Amino acid sequence: MPRPIEALIHTGALVNNLARARAAAPDARVWAVVKANAYGHGIERVFEGLRGADGFALLDLGEAERIRALGWRGPVLLLEGCFEARDLERCSRLDLWHAIHCDAQIDWLAAHKTKTPHRVFLKMNSGMNRLGFRPEALRTAWARLNALPQVDEISLMTHFSDADGERGIAHQLATFDAATHDLPGERSLSNSAATLRHRQVRNDWVRAGILAYGSAPDHPEHDIHHWGLQPTMTLRSKLIAVQQLQPGDTVGYGSTFVAERPQRIGIVACGYADGYPRHAGTDTPVLVDGVRTGTVGRVSMDMLAVDLEPVPAAGIGSEVTLWGRGPGGGLLAIDDVAAVADTIGYQLMCALAQRVPVRVTD
Ligand SMILES: *Cc1c(COP(=O)(O)O)cnc(C)c1O
């Protein structure tokens with residue numbers, strides 16, 4: 001028998017979450033962001049659940065090819081545009097829309113031979129300072145693009161650094177509006193956090209990433225229940241051993257956990273080589289037979305330990321939910337695990353390891 005660990009992808013939850021994005025931005029079209037192999041879920045595995053989106057946004061030409069191979073004929077957007085001139089060949093062949101964030105990308109386009117002109121998303125740096133033209137350079141870039149026979153429609157985009165937090169988006173929105181108010185074209189500004197939290201932003205297209213995958217972009221201020229989101233990935237395994245500890249016994253590498261009283265613990269077939277965060281210390285939440293309990297001691301490569309005190313009936317073969325849906329309707333949000341491990345839901349789902357078998361369910 002293989003190791004009992006597996007991941008499940010929930011098609012119905014993807015459908016639900018996409019509907020939440022639509023409800024939050026009723027006047028906009030919705031990009032389903034499927035970069036990083038659909039946030040670790042697998043592009044092919046989420047396609048059924050997300051095909052109701054208006055388009056797919058991603059970074060990698062290989063991933064764009066996979067979306068087309070699935071039969072998707074609608075819009076596909078390269079969020080970072082081309083990485084070198086010859087990428088434009090594949091943009092033409094696959095009919096991709098692409099971001100333009102720097103002058104080099106305009107140079108490549110000007111030298112590109114294409115029969116059909118490209119739809120581009122001109123990216124403005126409104127304060128994030130990763131990609132895009134600064135406000136004072138935007139007009140020149142727009143005019144250059146507008147003069148190119150290789151260019152069809154020009155849309156405008158920017159990205160918020162603090163849509164999930166205290167600083168907010170007002171300063172970036174003001175910068176964007178001041179620099180673009182008299183430019184024509186569709187707008188795409190909002191990521192998940194802005195889509196849910198800042199509904200006054202005018203978008204023709206919102207970019208729904210993390211919300212589609214059932215993680216709250218502004219956790220812990222809000223959780224998935226607040227936003228009506230459902231987990232799209234379950235990571236589950238089983239107990240493969242049980243230990244009865246006596247006071248003074250320690251658990252795992254480094255003996256970071258010391259029992260203070262007699263205690264039963266279970267050993268789970270899941271470790272950091274499966275993508276579980278090694279930095280999750282004692283008391284990271286986990287479900288055993290659907291009952292919430294916590295981890296004990298350090299996570300090792302292939303195993304971790306859990307407290308069985310709240311689940312006295314548990315034994316070898318008991319089901320362990322590391323995140324997602326448990327038996328009997330129990331839910332463990334990936335955000336709750338991430339918070340204890342000092343990271344975010346994004347990182348945990350993206351880090352699901354190759355060796356974990358994955359199944360798509362409803
Ligand atoms: C990844 C990404 C998104 C999606 O972000 P979420 O926080 O997951 O919604 C949106 N826009 C751009 C440019 C991105 O790179």
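The values are calculated or read from the model by the stated rules, or taken from the named source; none is laboratory data. In this text the structure is predicted, and so the values were computed from the model without any measurement. Cβ atoms come from the backbone with ideal geometry, glycine included; neighbour counts cover every protein chain shown. Note: accessible area is taken over every heavy atom of the protein model, side chains too, but ligands, DNA and RNA are not part of it. Shrake-Rupley method; radii C 1.70, N 1.55, O 1.52, S 1.80 Å.
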* Asked: Regarding residue 40, is this residue within 18 Å of residue 334 (Cβ to Cβ) and either outside the structural domain of residue 317 (by TED's automatic domain parsing) or among the hydrophobic types (A, V, I, L, M, F, W, C) (or both)?
  -> yes
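For every residue, the table says whether it meets (1) hydrophobic (A, V, I, L, M, F, W, C); (2) in a strand (DSSP E or B).
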| site | (1), (2) |
| --- | --- |
| 277 | no, no |
| 281 | no, no |
| 292 | no, yes |
| 316 | yes, no |
| 323 | yes, yes |
| 342 | no, no |
| 348 | yes, no |
| 352 | yes, no |
| 359 | no, yes |
* For the stretch 172-227, what are the residues that are open to solvent by less than 10 Å² (accessible area, probe 1.4 Å), farther than 21 Å from residue 34 by Cβ and more than 12 Å from the ligand (Cβ to nearest atom)? -> 172, 176, 180
* residue 158, sole failed condition from (1) within 15 Å of the ligand (Cβ to nearest atom); (2) in contact with a strand residue (DSSP E or B) (Cβ under 6 Å, 6 or more places away or on another chain); (3) open to solvent by 50 Å² or more (accessible area, probe 1.4 Å) -> (3)
* **Failed criterion for residue 29 (all others in (1) away from the ligand (no atom under 16 Å from the Cβ); (2) in the same structural domain as residue 120 (by TED's automatic domain parsing); (3) in contact (Cβ under 8 Å) with a residue 40 or more places away in the chain; (4) open to solvent by 50 Å² or more (accessible area, probe 1.4 Å) hold)** => (1)
* To do: Looking only at the stretch 295-304, count how many residues are in contact with a strand residue (DSSP E or B) (Cβ under 6 Å, 6 or more places away or on another chain) and open to solvent by 10 Å² or more (accessible area, probe 1.4 Å).
  => 1
* Determine which member of the set 242, 320, 286 is farther than 18 Å from residue 349 by Cα, in the same structural domain as residue 355 (by TED's automatic domain parsing) and either surrounded by fewer than 23 Cβ atoms within 10 Å (Cβ to Cβ) or not basic (Lys, Arg) (or both). => 242
* To do: Scan the stretch 331-362 for residues that are open to solvent by less than 20 Å² (accessible area, probe 1.4 Å) and out of contact with any helix residue (DSSP H, G or I) (no Cβ under 8 Å at 6 or more places or on another chain) and jot them down.
  => 332
* Members of the stretch 305-317 found to be crowded, with 19+ Cβ neighbours inside 10 Å and of a type outside the set (Val, Ile, Thr), listed by number -> 305, 307, 308, 314
